[in-house]
Amino acid sequence: MPADRLPKLPPCVTDLLVRLESAGFAAWVVGGAVRDALVDRPGRDWDVATSARPEQVLALLPEARPTGLKYGTVTVPAPELEGGGVEVTTFRSDGAYVDGRHPVEVSFTADIEADLARRDFTINALAYHPEKGLFDPFGGAADLARRRLRTVGDPGERLREDALRLMRACRFCAEFRLRPAKEVLQAMRRHAPLLSAVSAERQRDELSKLLLAEDPRRGLRLLRVGGLLPGVLPSLAAAYGLRQSRVHAYSVYYHTLKAVAATPPDLVLRLAALFHDLGKTEARLEDSEGRLLFPGHARLSAEIAASTLHRLAYPRRLSELVVLLVREHMFHWTPKDGPAALRRLLARVGPENLQALVALRRADLLSLRPVIPDDHRLAVLEELEAAVQGLLASRPPVRRQDLALTGRDLMEAFHLPPGPAVGRLLDQLVEDVLDDPARNDRETLLRLAASHLDVGDEFSAQVGRVVQREKDGQPFPPGKNR
Ligand code: ATP
Ligand code: MG
């Protein structure tokens, strides 16, 4: 193992090891951080395993907090680290898992090897010590190098113990471009139904990591081949082999996988790509000439996204963003539609989401069929991207709150009572500035409002005088203009 592939421990982690060892305990860095270092990737969190019992750790490290005493875990605050702390867990060998989630009993042990043996996959059963080096009794480093996913011990037993490992298997394959060993895949197929007992939150976290992995297609494919897809994402399972119209070279399933991989690694975008076409299963129609049509599929896909994300306990805010992108993903724009059409799109999706929608469009287009160098669609896409950049930079008014006057201003100027009519008038003005952002000044808006209210030219002239008086520093007069 090249030395530069071993973890470079942050000083606070080295310090922890030294403090535990000078009190006579064994201590190692374990798990994900060691694995990630071997493939030269920044680790997400640092875990330390020790022979010290939790109460001994707490006594020795006064700053430590009990965070999972039952499982032997305390957390040592480390503000300089991303996670804010280091988890220190007593070496343990787990008893049987009854609920497929937690071992019924854990027994503490003095032995690092027994501790590594309870871990799920060989690539996670690694320990590192700055002087003793890598401790790898199950061959995890070789498996990583040969890109192979193996369980520690019998695959069937290990997957049955904690069914979340079924999804973890897919996620690790996606993160490290691994192939599951034959026995692991067979055990996955056999035990796939057990996943339904795993909580939505745990499934969600694994799905998110899978989607954000380096090779999400591999993870999704393995969910399917391992028999997990009908449980986790039934709508993707249903899209397998679903033929499409002629512009598409691939089935909905395969197109989806490509689109997910073609988006940047952002959870909202990856989820939007995952769901964007899944309504096609339900929308599918065939016309008299045998052409396939999918009318209204974006709306159906958005409904599927909403219900799936709800079932998987994703936060509401994130779900709403995904649903918005999915619902709007079929927007039409070509350069000849001009800037007003683009401003209307901006008004519909919001300035904070337009770029994401365009990124989704790019991923969608790139996944229709093999890309040819001077693809007309890509040329249009590039014009769209440039136009959107220019548009966002110019910050045009697109919403009521962007208008150069408020509802209160309209009520005062036209003696309108509060009510929906004021809102409607504001919306009409928004339409006016969407047509031409140069109209967004007070005077022009008051004139436009007068014409919408149909109070005629005379009033319009009066508005001009009011605005002029305001400009001259005189107060807005109470008028009897109607
Ligand atoms: P991540 O990169 O997501 O942090 P990780 O492998 O570090 O991945 P953690 O949840 O941080 O995952 O767990 C730390 C270690 O604990 C793992 O590397 C593994 O050794 C062990 N572990 C975690 N979850 C399980 C599980 N469900 N079954 C067995 N061992 C597990
Ligand atoms: Mg970790």
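The values are calculated or read from the model by the stated rules, or taken from the named source; none is laboratory data. Keep in mind the model is a prediction, meaning the values are calculated, not measured. Neighbour counts are summed over all protein chains in view; Cβ atoms, including those assigned to glycine, are modelled from backbone coordinates with ideal geometry. For the accessible areas, the whole protein counts, side chains as well, though only heavy atoms, and no ligand, DNA or RNA atoms are used. Shrake-Rupley method; radii C 1.70, N 1.55, O 1.52, S 1.80 Å.
Assorted remarks:
- Number of the exception - residue 361 against (1) of a type in the set (Lys, Arg); (2) surrounded by fewer than 17 Cβ atoms within 10 Å (Cβ to Cβ); (3) within 26 Å of residue 242 (Cβ to Cβ): (2)
- Residues in region 43-67 that are free of Cβ contacts under 8 Å to residues at least 24 places away in the same chain, within 16 Å of ligand 1 (Cβ to nearest atom) and in contact with a helix residue (DSSP H, G or I) (Cβ under 9 Å, 6 or more places away or on another chain): there are none.
- Residue in region 404-425 that is nearest to residue 454 (Cα to Cα), counting only those that are touching a Leu at 6+ places or on another chain (Cβ under 7 Å) and open to solvent by 20 Å² or more (accessible area, probe 1.4 Å): 416
- Taken over region 402-434, residues that are hydrophobic (A, V, I, L, M, F, W, C) and touching a residue at least 40 places away in the same chain (Cβ under 8 Å) amount to 7.
- Test result for residue 126, out of contact with any Phe, Trp or Tyr (no Cβ under 7 Å at 6 or more places or on another chain), open to solvent by less than 70 Å² (accessible area, probe 1.4 Å), within 14 Å of residue 7 (Cα to Cα) and near ligand 1 (Cβ under 10 Å from one of its atoms): yes
- Residues satisfying the stated conditions in region 109-121, i.e. within 16 Å of ligand 2 (Cβ to nearest atom) and either open to solvent by less than 30 Å² (accessible area, probe 1.4 Å) or not assigned by TED's automatic domain parsing to the domain that holds residue 21 (or both): 115, 116, 120, 121
- Wholly enclosed helices (runs of 4 or more DSSP H) of region 122-199 bearing at least 2 residues within 16 Å of ligand 2 (Cβ to nearest atom) and aliphatic (A, V, I, L, M): 164-176
- In region 56-74, the residue that is farthest from residue 125 (Cα to Cα) out of those that are at pLDDT 90 or above and within 15 Å of ligand 2 (Cβ to nearest atom) is 67.
Okay, residues lined up against (1) outside any helix (DSSP H, G or I); (2) over 25 Å from residue 396 (Cβ atoms); (3) not assigned by TED's automatic domain parsing to the domain that holds residue 196:
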{"position": "264", "(1), (2), (3)": "yes, yes, yes"}
{"position": "270", "(1), (2), (3)": "no, yes, yes"}
{"position": "299", "(1), (2), (3)": "no, yes, yes"}
{"position": "317", "(1), (2), (3)": "no, yes, yes"}
{"position": "332", "(1), (2), (3)": "yes, no, yes"}
{"position": "338", "(1), (2), (3)": "no, no, yes"}
{"position": "342", "(1), (2), (3)": "no, no, yes"}
{"position": "345", "(1), (2), (3)": "no, no, yes"}
{"position": "348", "(1), (2), (3)": "no, no, yes"}
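- Filtered residue count, region 366-387, keeping only those that are assigned to a helix (DSSP H, G or I) and surrounded by fewer than 19 Cβ atoms within 10 Å (Cβ to Cβ): 11
- Matching residues in region 39-55 - criterion: being away from ligand 2 (no atom under 14 Å from the Cβ) and either buried (at least 17 other Cβ atoms within 10 Å of the Cβ) or outside the structural domain of residue 120 (by TED's automatic domain parsing) (or both): 50, 51, 52, 54
- Taken over region 74-88, the residue count meeting the criterion of being touching a strand residue (DSSP E or B) at 6+ places or on another chain (Cβ under 8 Å) and either open to solvent by less than 20 Å² (accessible area, probe 1.4 Å) or of a type in the set (Gly, Ala, Ser) (or both) is 7.
- Residues in region 18-38 that are buried (at least 22 other Cβ atoms within 10 Å of the Cβ) and over 31 Å from the mean Cα position of the chain (by Cα) were compared, and the one that is farthest from residue 5 (Cα to Cα) is 20.
- Whether a residue is open to solvent by 20 Å² or more (accessible area, probe 1.4 Å) and part of a helix (DSSP H, G or I) was assessed, and residue 289 does not pass this test.
- Residue satisfying condition, being farther than 23 Å from residue 70 by Cα and either open to solvent by 50 Å² or more (accessible area, probe 1.4 Å) or at pLDDT 95 or above (or both), within set 221, 165, 158: 221
- Flag for residue 214 being near ligand 1 (Cβ under 10 Å from one of its atoms), open to solvent by 10 Å² or more (accessible area, probe 1.4 Å), acidic (Asp, Glu) and in contact (Cβ under 8 Å) with a residue 40 or more places away in the chain: no
- Selection count, region 236-252, where residues are outside any loop (DSSP other than H, G, I, E, B), open to solvent by less than 20 Å² (accessible area, probe 1.4 Å) and closer than 23 Å to residue 200 by Cβ: 1
- Annotation note: Cβ proximity below 6 Å between a residue of region 129-157 that is closer than 30 Å to residue 18 by Cα and a residue that is aromatic (Phe, Trp, Tyr) and crowded, with 20+ Cβ neighbours inside 10 Å (sequence gap 6+ or interchain) occurs for 129/28; 134/128; 152/138.
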